[in-house]
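The following block contains the structure, expressed as structure tokens.
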Amino acid sequence: MSEVKPFVTLVGAGPGDPDLITLKGIKAIKEADVILYDALVNEEILSYAKPSCTKIYVGKRAERLSTSQDYINKLLVDYALTHGHVVRLKGGDPFVFGRGGEELDYVHKFDIPTAVVPGISSSVGLTGLQQIPLTYRGISESFWVITGSTSDGRLSDDLYHAVKTNATVVVLMGYSKLHQIIELYRENGKRDLPIALIQNGSLENERLAIGTIDTIIEQVNKNLVGVPAIIVLGEVVAKHQSFQKLKQEIQHLEA
């Protein structure tokens with residue numbers, strides 16, 4: 001019996017569409033002895049795994065955690081020591097609110113070698129697919145990616161800083177905080193700021209709501225947008241093809 005060589009690879013699966021995973025990510029999946037995959041991973045990607053590969057669902061979603069992080073950490077080490085190459089397959093990018101750093105820290109305690117294959121984060125992938133530029137000359141010089149779900153349930157302190165800038169702000173895992181975010185922007189005099197919500201981005205059941213701070217709730221309800229969704233705030237959202245049409249409709253109703 002050959003000696004087991006423990007190894008852990010974090011692989012970013014991208015924002016949902018299975019075609020958006022990298023070639024290097026597919027290569028790692030093909031080589032894996034065990035795959036631990038998240039709820040937001042498109043299961044079509046698992047078809048690249050070899051027949052002998054053990055596939056384990058460790059579903060984790062924002063606001064609906066079903067597998068504890070401590071348990072996942074333990075599985076990574078246990079399977080690496082007993083089976084060999086473990087691929088930790090995570091939605092988006094492992095290091096963008098994916099707890100990839102925490103998992104590596106734990107694995108390194110056992111002197112297990114590791115590697116990382118970056119993935120397309122929903123923060124840049126879904127906005128790109130919707131043709132919303134995160135930066136645009138003369139409009140936005142930077143973008144912030146902020147969590148909407150802090151460990152203690154508060155709105156992130158970074159949002160209170162970001163709202164005072166002209167930066168584009170992308171909020172991940174923030175749907176449950178939408179009303180608080182809207183109120184924060186209103187308090188800072190940004191009632192007319194364009195905002196978009198993208199649910200199930202890159203997939204066939206994708207839903208989109210676009211409006212302003214003052215109109216977005218109506219648009220979210222009209223388009224039945226829910227979780228999982230990202231929130232995009234900033235003048236660049238007006239570059240979306242549907243925004244100008246929506247703006248004209250609002251002006252017509254107000255006239």
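Give the accessible area for Tyr48 in Å² (nearest 10); use a 1.4 Å probe, count only protein heavy atoms, and leave out ligands, DNA and RNA.
Estimated to the nearest 10 Å², Tyr48 gives 90 Å².
On to the next question. Taking only DSSP H segments of four or more residues, each worth -39500 (n - 2.57), what value at 222 nm results for the chain once the sum is divided by all its residues, to the nearest 500 deg cm²/dmol?
Rounded to the nearest 500, the figure is -9000 deg cm²/dmol.
In addition: How much length would be gained if the chain were fully extended between Asp19 and Glu141, taking 0.36 nm per residue of separation minus their Cα-Cα distance, in nm to one decimal?
Length gained between Asp19 and Glu141: 40.9 nm.
In nm, to one decimal, how far is the modelled label at Lys5 from the one at Lys109, with both set 7 Å along Cα→Cβ?
2.7
Sticking with this one: Please work out the Cα convex hull volume for region 1-143 and give it in Å³ per residue.
So the per-residue Cα hull volume is 119 Å³.
What percent of all Cα-Cα pairs in region 88-169 falls into each 10 Å bin, going from 0 up to the bin containing the maximum distance?
Computed distribution, short to long bins: 15, 35, 33, 14, 3.
While we're on this one: Defining a contact as two alpha carbons under 8 Å apart and six or more residues distant in sequence, what relative contact order in percent does region 96-255 show?
For region 96-255, the relative contact order is 22 percent.
I'd like the FRET efficiency for Ser52 and Arg186, computed as 1/(1 + (r/R0)^6) with the beta carbon distance as r and R0 of 45 Å, rounded to 0.05.
Calculated value: 0.20.
Using a probe of 1.4 angstrom, how much of the accessible area of region 12-157 is carbon and sulfur, in percent?
51
If you don't mind, another one. Which of these values of volume of the Cα convex hull per residue in Å³ was calculated from the structure shown: (1) 114; (2) 132; (3) 166?
Recomputing volume of the Cα convex hull per residue in Å³ here gives the entry labelled (2).
How much FRET efficiency would the formula 1/(1 + (r/R0)^6) give for Thr82 and Val227, where r is the Cβ-Cβ distance and R0 is 45 Å, rounded to 0.05?
The value I calculate is 0.80.
If you count, for each residue, the other Cβ atoms within 10 Å and average over each peptide, how do 232-240, 110-118 line up from highest to lowest?
Packing proxy ranking, top to bottom: 232-240, 110-118.
On a C-alpha basis, how far is the centre of region 174-234 from the centre of region 1-35 in Å? Whole number, if you could?
The distance from the Cα centre of region 174-234 to that of region 1-35 comes to 34 Å.
Oh, and also: Kirkwood hydrodynamic radius of region 134-213 from all distinct Cα pairs, in Å?
Computed over Cα pairs of region 134-213, the Kirkwood hydrodynamic radius comes out at 13.5 Å.
The values are calculated or read from the model by the stated rules, or taken from the named source; none is laboratory data. As the structure is a computational prediction, the values presented were derived from the model and not from experiment. Backbone-built Cβ (ideal geometry, glycine too); neighbour counts: all protein chains shown. Surface accessibility is based on the protein's heavy atoms, side chains included, excluding ligands, DNA and RNA. Shrake-Rupley method; radii C 1.70, N 1.55, O 1.52, S 1.80 Å.
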